[in-house]
Each structure stands twice: as C-alpha cells, then as structure tokens.
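*Asks:* This is the structure I want to talk about, given as structure tokens.
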Amino acid sequence: MKKLTALMLSSAMMLSLAACGGSASTDTASSEAASSEAASSEAASSEETATGEAAELTTVNAGKLTMSTNAAFPPYEMTTDSGDFEGIDIDVAAAVAEKLGLELQIDDMDFDAALLAAQNGKSDMVMAGVTVTDERLKVMDFSDTYAEGIQSIIVPEGSDIATVDDLSGKAIGTQRGTTGYIYCTDDFGEDNVIAYDDGLTAVQALNNGQVDAVVIDNAPAKAFVEANPGLKILDTAYAQEDYAIGVAKGNTELLNAINGALEELQQDGTLQAIVDKYITAE
C-alpha cells in the first residue's frame, strides 16, 4: 500500500513538473511572439510615418524632393567622371529625402538660376553652399543651419595682397550671385569685382592674370589651390557664415519637414559623418 501510495505521489509530482515545464515554455513562446510583434509593429509604424509625411507634403514632382544646385562647388556639390553628383549637400539632401520618404531629384544649373528655381517653386529646395542673407530672406525661407562656411581669399604666391584691406583697388574674381560677390561689391564697388559663372572659371582667370584675387568659400578654395600650384589662401578669412536650405517663401509645411529631418540627422550623427567624409580635420 505504501509502495502504491509512493508511486501515485511520484506520478503526481512528475505530472505537476511536466505541467510547470509546459507552462514556462508556452509563456516564453508567447513572450517572444509578443516581442516580435512589437518590433514588427514599431518598424511598420516607422515606415507608415515616413509614408504619411511624404503623402502630406506637396512637392514639385509627386513622390520626389527636387533640389536645384550648382554642381561646381567642391566639396559641397560636384560632378563625378561618370556624370553623377556627389558632395556634402548631395548627401545631406539624400538623407533628408529618405527621412521624408521621398526620392531625391537633382537639377544642376547656374547658381543664380538655382536660387530662382527654389524661389519661384520650380524646385522644392536649393542647396549649393547657400548662405542666409537679409536680401535672400525677403524672397525665400531658410532651414536651420546644417554647415558652417568661411569666405576665403585666393592669391598667387608672392602677391602683395596679405589682408582684406589690401583688396582695395584690385581686380577681384567671384562666383556670380554668391555672398563673396555681395561682400566684395559692397566693400570695394562693382567696378572692382568680376563675376564668373562658377568658382573654377574665376580661379582660371586668376591663373591667367585677369584678376588679382578670388574670394570664395574656404572648402572649394582649398580644392582649387590644391589643384593649382602657385596659388595660396590667405590666413585672414574674409567672412564667416552659415549654410542653410532655401525654399519658396511661405512653404512652411516643407520647411518644417526639412527642419525635422535635419534635427534627427544632427542627433544621430549623420550630418557630422557626411561633413567628415568630405572635409578632413586639420
């Protein structure tokens, strides 16, 4: 009888343990399924947010974010040997477009035309190392700053120009429509400033002795000097400025979306990584 009772107790315990084991396995499976479902839901929610933002935004071309630029401004925008575009602005624009769930479309044109395209709604935005100025704010709206720039002075080795003041009475080459052109004409008069379609042409004019100096952003200035032995950048900067994305006046919906994307790209380190990709620390 004792043996039978012990056997019955043993069997009951085994059944109890088996039941406990089955319950734990079921709970684990349920927990994993719930976690998987939550992860899938979060991913779907993220995709739906991007899709929702894209659906809400009105752009020049449906489903696309059209950027006007002047792809002759290294390292911000350049054309590769294969005809593709690359540079800081190109990568930032692509990252913004991805955040908004849109496809990036790039329209390359003269700098002045790039500004006008965004101003007149022919493009959604302009990115071309664009600096915010009081005059531009009258006709366009601008995003938060995404990069900093310096206006530098390029001169030939052995030039008697050593400071900004030494530019007085000299022939100064600039890129048409840029802040370099604006600063120089304001400070030294239009008669002393020659505007070229792009920075490369201005530097070629300097090499040919047609101008005494070129005023242009520091990043492209470095690229031009590196490619043209006999030229140098003065230690004294002409001006410091911030770059921003320009959109049509009153397009608050797009501007807010761009600023939201830029904030996320700033926080997750993407903006700095893009700058570091093209500009090495000195």
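The values are calculated or read from the model by the stated rules, or taken from the named source; none is laboratory data. Bear in mind the structure is a predicted one, so any value in this text is a computation, not a measurement. Every residue, glycine among them, receives a Cβ derived from its backbone with ideal geometry; neighbour counts consider all protein chains shown.
*Asks:* Within segment 54-78, restricting attention to residues that are touching a strand residue (DSSP E or B) at 6+ places or on another chain (Cβ under 6 Å) and not in a loop (DSSP other than H, G, I, E, B), which residue is farthest from residue 276 (Cα to Cα)?
*Replies:* Among residues in segment 54-78 that are touching a strand residue (DSSP E or B) at 6+ places or on another chain (Cβ under 6 Å) and not in a loop (DSSP other than H, G, I, E, B), the one farthest from residue 276 (Cα to Cα) is 64.
*Asks:* Looking only at segment 120-133, which residues are farther than 14 Å from residue 244 by Cβ, of a type outside the set (Ser, Thr, Tyr) and surrounded by 19 or more Cβ atoms within 10 Å (Cβ to Cβ)?
*Replies:* 124
*Asks:* Go through the residues of segment 84-107 one by one and say whether even a single one is among the acidic types (Asp, Glu), more than 29 Å from residue 257 (Cβ to Cβ) and either part of a helix (DSSP H, G or I) or at pLDDT 50 or above (or both). It would help to see each step written out before you state the result.
*Replies:* Pass one, segment 84-107, residues among the acidic types (Asp, Glu): 84, 86, 89, 91, 98, 103, 107.
Those still in the list that are more than 29 Å from residue 257 (Cβ to Cβ) too: none.
Scanning segment 84-107 turns up no residue that is among the acidic types (Asp, Glu), more than 29 Å from residue 257 (Cβ to Cβ) and either part of a helix (DSSP H, G or I) or at pLDDT 50 or above (or both).
*Asks:* Hey, another quick one. Restricting the search to segment 134-150, which residues are within 19 Å of the chain's Cα centre (by Cα), under 22 Å from residue 216 (Cβ atoms) and surrounded by 14 or more Cβ atoms within 10 Å (Cβ to Cβ)? Can you show your working first?
*Replies:* Quick first cut of segment 134-150, residues within 19 Å of the chain's Cα centre (by Cα) only: 140-150.
Next cut, under 22 Å from residue 216 (Cβ atoms) only: 140, 142, 145-150.
Answer for segment 134-150, where residues must be within 19 Å of the chain's Cα centre (by Cα), under 22 Å from residue 216 (Cβ atoms) and surrounded by 14 or more Cβ atoms within 10 Å (Cβ to Cβ): 140, 142, 145, 146, 147, 149, 150.
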